[in-house]
Amino acid sequence: MKNTKKLVTSGVCLALALILPMITGQIPSIGNLLLPMHLPVLVCGFVAGPFYGLLTGLIAPILRSLLFGMPPLMPTAVAMAFELAAYGFLTGLLYRKLPAKPVYAYVSLIGAMLGGRAVWGVVAFVLNSLLGNPFTLAIFMASAFTNAIPGILLQLIIIPPIVIALKKTGLIET
């Protein structure tokens with residue numbers, strides 16, 4: 001029964017990861033700032049655990065690229081697949097390994113955000129190098145942090161309260 005709940009949660013989060021970017025799709029720069037595909041993957045890791053979080057994060061960008069043509073498959077969706085897989089895995093793992101106190105929802109989220117961005121940077125560097133595209137430290141810092149500040153703030157503002165509320169209702173098992 002537990003795995004069925006986790007699978008359903010993963011499916012719902014995958015659907016949200018496919019749909020949420022459509023809200024900002026008419027203005028791509030806003031979507032790039034708010035990172036709408038990241039939100040359900042991060043939540044999935046917290047709720048369904050590291051395995052389902054990883055799986056959801058890995059599938060979402062590739063499936064969205066194949067279905068809707070955005071993000072572009074290479075190198076963007078492939079690099080995002082590794083990034084989001086790391087987010088889902090790390091939120092699930094850290095939240096289950098750290099003490100069961102509300103503050104650790106923030107610690108888990110921040111750890112996952114840093115880890116996912118590091119994974120994205122490595123994969124983006126490799127893919128861009130193979131494609132003959134430049135990918136410098138300045139490009140990494142701008143893409144992973146500077147340009148992502150609105151999305152990072154949104155994640156920090158809405159995800160921990162969602163996780164804390166779900167924990168109180170018993171929908172998250174640690």
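Name the one entry in 21, 61, 99, 40 that is in a loop (DSSP other than H, G, I, E, B) and closer than 26 Å to residue 161 by Cβ.
Answer to the selection: 99.
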Of all residues in the stretch 2-35 being out of contact with any Ser or Thr (no Cβ under 6 Å at 6 or more places or on another chain) and open to solvent by less than 30 Å² (accessible area, probe 1.4 Å), which is nearest to residue 110 (Cα to Cα)?
35
Condition first: basic (Lys, Arg), closer than 12 Å to residue 46 by Cα and without any contact (Cβ under 8 Å) to a residue 60 or more places away in the chain. Now tell me which residues in the stretch 75-120 satisfy that.
97
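Yes/no matrix, rows are residues, columns are (1) over 22 Å from residue 102 (Cβ atoms); (2) modelled with pLDDT under 95; (3) more than 21 Å from the chain's Cα centre (by Cα):
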{"residue": "130", "(1), (2), (3)": "yes, no, yes"}
{"residue": "138", "(1), (2), (3)": "yes, no, yes"}
{"residue": "141", "(1), (2), (3)": "yes, no, no"}
{"residue": "146", "(1), (2), (3)": "yes, yes, no"}
{"residue": "155", "(1), (2), (3)": "no, no, no"}
{"residue": "159", "(1), (2), (3)": "no, no, no"}
{"residue": "162", "(1), (2), (3)": "no, no, no"}
{"residue": "167", "(1), (2), (3)": "no, yes, no"}
May I ask you to list pairs of residues, at least six apart or on different chains, whose Cβ atoms are under 7 Å apart, with the first in the stretch 146-162 being touching a residue at least 12 places away in the same chain (Cβ under 8 Å) and among the small types (Gly, Ala, Ser) and the second being part of a helix (DSSP H, G or I) and surrounded by 13 or more Cβ atoms within 10 Å (Cβ to Cβ)?
151/33; 151/34; 151/38
Among the residues of the stretch 10-41, what is the count of those that are modelled with pLDDT of 95 or more, in contact with a helix residue (DSSP H, G or I) (Cβ under 7 Å, 6 or more places away or on another chain) and of a type in the set (Val, Ile, Thr)?
1
Quick check on residue 52: is it modelled with pLDDT of 95 or more, in contact with a Lys or Arg (Cβ under 8 Å, 6 or more places away or on another chain) and among the hydroxyl-bearing types (Ser, Thr, Tyr)?
yes
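So which of 105, 112, 81, 118 ends up being out of contact with any Gly (no Cβ under 8 Å at 6 or more places or on another chain), part of a helix (DSSP H, G or I) and open to solvent by less than 40 Å² (accessible area, probe 1.4 Å)?
Sole residue among the options that is out of contact with any Gly (no Cβ under 8 Å at 6 or more places or on another chain), part of a helix (DSSP H, G or I) and open to solvent by less than 40 Å² (accessible area, probe 1.4 Å): 105.
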Count, please, the residues in the stretch 122-174 that happen to be of a type in the set (Ser, Thr, Tyr) and either open to solvent by 80 Å² or more (accessible area, probe 1.4 Å) or in a loop (DSSP other than H, G, I, E, B) (or both).
4
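The values are calculated or read from the model by the stated rules, or taken from the named source; none is laboratory data. This structure is a prediction, so every number in the text was calculated from the model and none was measured. Virtual Cβ from ideal backbone geometry, glycine too; neighbours counted across all protein chains shown. Quick note on the areas: whole protein, heavy atoms, side chains included, nothing else; ligands and nucleic acids left out. Shrake-Rupley method; radii C 1.70, N 1.55, O 1.52, S 1.80 Å.
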